[in-house]
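Take a look at the structure below.
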Amino acid sequence: MATEESASVMDDYETLISTTDVELLKRAWRNEKAAPEILQFESSLVQRIKEQIELAEQNVEISEANNIDPLTVSLYQMDLDRTQFLLRSYLRVRLQKIEKYLFYVLKTDEYLNRLSKQEQMFARRCTDDLGSHLDETVLAKLPDNYQSILKQSITSEEDDMVPVPRLDTFVICKAKQYLSGLDFEPEYSMEITEMERDLLTFVCYKFIKKPLENGKIDLV
Amino acid sequence: MYARKGYELVKDLANGEKGQLQPFNEDLFNQVVDQCTQHYLELQALIRKMHEESVDVRETRNADHYGALIHHLSLIRNKRCLMAYVHNRAEIIQSFAWKVGLELLELPEEVQEKLSPSEKNYFGKHSAALQSYMAEVGIDLNVDMVPPKDPYIKVRVLDDMGEGILLSDKTANLARHSMHFLKRTDAEQYIARGLMEELTG
């Protein structure tokens, strides 16, 4: 009986911990790091975290000024540093993805809409810069019909010079709840039918794209 | 053989150590560009010949058509090689902004020498874009590159850095070979530039 009770207390504790903003950010960061494409920007979460960081900074300053035990202060500082690292790393991973798939992100509305306003500005600027660098170094020296940055030549019907994120890479993931066939894209119903809760699964990214976007799966 | 030079150019890139830059291979690069022009001239010559023989350029499948096709494909392949060369180098250059620093002058001289003028220009512009993003968001993204274990780390100064460098909580006299106990966020930028090393253990 007692062990059962303590188990349920632990469960409560874990759900509480797993819904703090820091934990949510950690999840967003992990997903972003593991996914081959850029995911939706967590704007309200980032906003909240920024405010919390500011608050924590003030707290540390006040504690320092009030001569509170330096060990306690340094623990607060450490906690703060970790949160800051998470936030920075999250933003950084996203920028690096934007850098990598610049042209594709910019010409695909679906991706462009996932970026924050600042990221969009960054992406536009980068595209201009990289575009003019490529123009100057390569394209301007090629014959007229071959000068497009997006197409191999004017005879190409599609943009076939643009690096595209590879959605068929494999990722490791864990479902947060039991997933039935309805949670997956119908077109992959042959490949994937269900997924147990909390079971580590090694799977092709595009199969689990939908439940990931719906927050039912975490990447590891 | 057609498009061999382009292959060599990409090979040149692939042979380099990952994340390290080789000098811009101007010579080979220009040879590939010249080849492109050459292919185009021959392509046009073949098409003109087909016009003169008044055969339908779109429909006819004769030797000239396939000749032209080969030139077209070789040209495209060369273009892809050229673009891959420049684009991959640009990716390495982007990574410098993260790993080394945002100013061209912060890059070690031997790296600067390997960049073409256009690449130098690109590095500057790209850094500026990054900087304006950071200013816009209000967060400095260039520190904290590894997860922090301890807010303070022990470092040794490797180069003369001059006196009175302002750190966030104190000024320190960072003389060469002296050892300090600094905030990680303060020290990281100097470690990245090779002015300090972290002492572990």
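Just so it is clear, none of the values below were taken in a lab; they were calculated from the coordinates. Everything numeric here is computed off the predicted structure, so don't read it as measured data. Virtual Cβ from ideal backbone geometry, glycine too; neighbours counted across all protein chains shown.
Structure data summary
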| read-out | value |
| --- | --- |
| Extreme residue, positive dipole direction of the protein assembly as shown, given options A:I208, A:S44, B:V86 (C-beta unit charges) | B:V86 |
| Of B:S127, B:Q44, B:L69, farthest towards positive along the dipole that unit charges on Lys, Arg, Asp, Glu beta carbons give chain B | B:L69 |
| Given charges at beta-carbon only (K, R positive; D, E negative), |dipole| of chain A in Debye | 560 |
| Percent antiparallel among DSSP beta bridges (both partners in the protein assembly as shown, rounded to 5) | 95 |
| Between region A:44-74 and region B:29-102, the Cα center-to-center distance that results, in Å | 59 |
| Hull-based mean projected area of region A:166-220, where the convex hull spans the alpha carbons, in square nanometres | 3.3 |
| Charge dipole magnitude, Cβ of K and R +1, D and E -1 - region B:4-137, Cα centre, debye nearest 20 | 400 |
| Fewest-first ranking of B:K183, B:K18, using other Cβ atoms within 10 Å as the exposure measure | B:K18, B:K183 |
| Over chain B: Rg over Rh, Cα atoms, Kirkwood Rh | 1.22 |
| Residue with peak Gaussian network fluctuation, chain A [Cα springs, cutoff 10 Å], from A:A34, A:A123, A:A65 | A:A65 |
| Amide H contacts of B:D159 (H built 1.01 Å from N, under 5 Å, at least 5 apart or other chain) | B:H177 |
| Whole-Å semi-axes of the ellipsoid equivalent to the protein assembly as shown (Cα gyration tensor, √5λ, descending) | 48, 33, 16 |
| 4 °C / 1.567 mPa s Stokes-Einstein diffusion coefficient of chain A, Kirkwood radius on C-alpha pairs, µm²/s | 62 |
